[in-house]
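To keep things clear, I will list the structure first and then write my remarks on it.
The values are calculated or read from the model by the stated rules, or taken from the named source; none is laboratory data. A quick note: this is a predicted structure, and the numbers were derived from the prediction, not measured. Here Cβ is always computed from backbone atoms with ideal geometry, including for glycine, and neighbour counts include all displayed protein chains. Calculation scope for accessible area: heavy atoms of the full protein, side chains included, ligands and nucleic acids excluded. Shrake-Rupley method; radii C 1.70, N 1.55, O 1.52, S 1.80 Å.
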Amino acid sequence: AKIAGFWVPQIVLPLHAENPEKWAEVYRKFNEYPPEKFMNEVLGLPAGSGIYMISEDDLRKACQPEFLMWDHVRQTRGITELYGGIDWAATNFKSFTVMYIGGFNYTTGRFTIVYGKKYLEDINSVGMLNHMTSTLKSFGVKWVAADWGGGGFAMNPVLESYSGIPIYQVMYTAERKVIVWDTSARFYKASRTRSLLDLFKQIKKGRMHFYNWSTFSEMKSHYLAEYAETREDRSGNE
């Protein structure tokens, strides 16, 4: 038989609202629970599949109007070294490659992204490799971190050969450790979940700067597409 189910918020139940000790317990959950867990278990809202970890407003606040791409005068910003980051497109279906360039600004105390580019070309495109190479060199990038998965395992050595810039390969996994070096495989392994959470935490706390919003906004959908989800075992461990 089909059964109708209802999500009932604890804050309207006399059991909680009329009992000071129970009400204090609700308040403790408000302060200590992850947002999606509080919404689900206390407010009765359907956040069971997760909620967005970062908002468009968070991204807008991180964008600096005066930071324009292709501005190579880094010393005025307090950035002494720049680094690259690449997420390669997959080879078995239509996707795209993204490259960022950024460095730590010792004047503002913020890690600043000064350049970003989404490539819609085929992953083996010589034109894309040439553009990446010229861009990395023009900014004086010291080294690049790029994902090993997808088409990266093949493209990283090619780009390193093209540009002459060291590339550190990273495989994103479900492991709990943030990042470890795999000696036998000769690449880093990083927790995808922890990496995302750490990045979004820095953005929310105002510790990152991006270039101006009018240009950066084309990237927003990829940040807003991520959501958090928690699961518990029978012992209550997440």
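Below, the figures for the structure above:
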{"item": "Matching residues, region 115-142, being part of a helix (DSSP H, G or I) and not aliphatic (A, V, I, L, M)", "result": "Gly127, Asn130, His131, Thr133, Ser134, Thr135, Lys137, Ser138"}
{"item": "Enumeration of residues in region 173-195 that are modelled with pLDDT of 85 or more and either closer than 13 Å to Ile86 by Cβ or open to solvent by less than 80 Å² (accessible area, probe 1.4 Å) (or both)", "result": "Thr173, Val180, Asp182, Ala185, Phe187, Tyr188, Lys189, Ala190, Ser191, Ser195"}
{"item": "Residue satisfying all of: in region 71-93; in a loop (DSSP other than H, G, I, E, B) and at pLDDT 70 or above; nearest to Ile165 (Cα to Cα) among these", "result": "Leu82"}
{"item": "Among residues of region 121-153, those that are loosely packed, with under 14 Cβ neighbours inside 10 Å, over 18 Å from Ile79 (Cα atoms) and in contact (Cβ under 8 Å) with a residue 40 or more places away in the chain, counted", "result": "0"}
{"item": "Index of the failed condition, Gly236 passing every other in (1) surrounded by 13 or more Cβ atoms within 10 Å (Cβ to Cβ); (2) modelled with pLDDT under 90; (3) not in a helix (DSSP H, G or I)", "result": "(1)"}
